[in-house]
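A quick write-up on the structure given underneath.
The values are calculated or read from the model by the stated rules, or taken from the named source; none is laboratory data. Here the structure is a predicted model, which is why all the values come from computation and not from measurement. Quick reminder, even Gly has a Cβ in these numbers, built from the backbone with ideal geometry, and neighbours come from all protein chains shown. Heads up: the accessible areas ignore ligands, DNA and RNA and are worked out on the full protein's heavy atoms, side chains in. Shrake-Rupley method; radii C 1.70, N 1.55, O 1.52, S 1.80 Å.
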Amino acid sequence: MWTQTLGEFIGTFILILLGDGVVAGVSLNQSKAKDAGWVAITLGWGLAVTMGVYTAAFLGPAHLNPAVTIAFAAIGQFSWSWVLPFVAAQMLGAFLGAAIVWLHYYPHWAKTNDQATTLGVFATSPAIRNHTANFLSEFIGTAVLIFGLLAFAQGKWTAGLAPMGVGILITAIGLSLGGTTGYAINPARDLGPRLAHAILPIAHKGGSDWGYSWVPVLGPLAGGVVGALIFVTLP
């Protein structure tokens, strides 16, 4: 089981390295991908999840997301005794992935003076700040994610293609539901990089918006459990 935990660390590291990486490329000044737009970001995140799953799946279940781990435990598809080690590995992988993004784009932070843009590379923020509505957005998006993952598990996939289906699902959620909050739908995806933003000596950075940080953590956790419970009530 510790090998599977290592897989969670590696897969989440790749997920955040590529996911935060595409946001950095689109957002930071003097990047060649500057202003590529929301479609590029959602596609990049979908591919990041796909690559993260591929790099972890040979070691374990490749949850890469505390909302997935806890939702699966809630319906008896994962042992509660391994929830904490999995979540810890996911958080550490997310933190390290974000730190490497900072190193990779090191000269660009000094060229980017907007603090919200810099934070947006690491953490999500709402288009309209309304904690109730923002929580609901994260709840719905993650419920769709977990329901979709459980549905995928019931089908027959050609060997090795299931991670591509997961990536397509992430892209679809981002395009259709992500415009409200930036669709964290993964507590590790937001909290790990937000911690990195708070700790790293990033040029021109401001605060890490801890007043909002509970939304992309609790919204996905609640939505994931409800999505899983809805799925298991089906005949």
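What is the log10 of I(q)/I(0) for the chain, computed with the Debye formula using one identical point scatterer on each Cα and no solvent, at q = 0.12, 0.14, 0.18 Å⁻¹?
-0.60, -0.82, -1.38
Where does segment 18-92 land on Rg(C-alpha)/(2.2 N^0.38 Å)?
Working it through for segment 18-92, the quotient is 1.38.
Set Lys and Arg Cβ to +1 and Asp and Glu Cβ to -1, take the dipole of the chain about its Cα centre, and tell me which of Leu221, Gly141, Trp38 lies farthest positive.
Trp38
Taking a point 7 angstrom from the Cα of Lys111 along the C-beta vector, which residues in segment 199-219 have backbone N less than 16 Å away?
203-204
For the chain, with every protein chain kept in place, what is the accessible area per residue (1.4 Å probe, Å²)?
The answer is 44 Å² per residue.
Filter the DSSP H helices in the chain by two things, a Kyte-Doolittle mean of at least -0.5 and an axial alpha-carbon span of 24 angstrom or more, and list the hits by number. Don't skip to the answer; put the middle values down first.
Numbers: long enough: 2-27 (37 Å, 1.25); 38-56 (27 Å, 1.35); 83-104 (31 Å, 1.76); 131-154 (35 Å, 1.25); 215-232 (25 Å, 2.14).
Span-like helices, by this rule, are 2-27, 38-56, 83-104, 131-154, 215-232.
Determine how large the accessible area of Lys34 is when every protein chain is in place; take a 1.4 Å probe and give Å² rounded to the nearest 10.
80
Quick check: Cα centre of segment 19-95 to Cα centre of segment 161-233, how many Å?
First find each Cα centre; the distance between them is then 9 Å.
If segment 156-204 were replaced by its equivalent ellipsoid, with semi-axes equal to the square roots of 5 times the Cα gyration tensor eigenvalues, what would those be, largest first, whole Å? Write out the running numbers ahead of the final one.
Working: eigenvalues 176, 46, 14 Å².
Equivalent-ellipsoid dimensions as semi-axes: 30, 15, 8 Å.
Return the aspartates and glutamates within reach of Lys111: Cα separation strictly under 17 angstrom, same-chain partners fewer than 8 residues apart disregarded; answer none if there are no such residues.
Straight-distance partners of Lys111: Asp35.
Work out how much length Asn29 to Leu6 would gain on full extension: take 0.36 nm times their residue separation and subtract the Cα-Cα distance, in nm to one decimal.
In short, 4.8 nm is gained.
Based only on the alpha carbon positions, what is the Kirkwood hydrodynamic radius of segment 1-134, in angstrom? The partial results should precede the final answer.
Values: mean 1/r = 0.0634 Å⁻¹.
15.8 Å is the Kirkwood radius here.
What are the principal axis extents of the Cα atoms in segment 129-174, in Å, biggest first?
So the three principal-axis extents are 43, 17, 10 Å.
Can you send over the carbon and sulfur percentage of the accessible area for the chain, probe radius 1.4 Å, protein chains only?
70
Using amide H atoms built in the peptide plane, which far-off residues or other-chain residues are under 5 Å from Ile202 H to H?
Placed amide hydrogens put nothing under 5 Å from Ile202.
Starting from the coordinates of the alpha-carbon atoms of segment 126-235, obtain the Kirkwood hydrodynamic radius over all distinct pairs and give the value in Å to one decimal.
15.1
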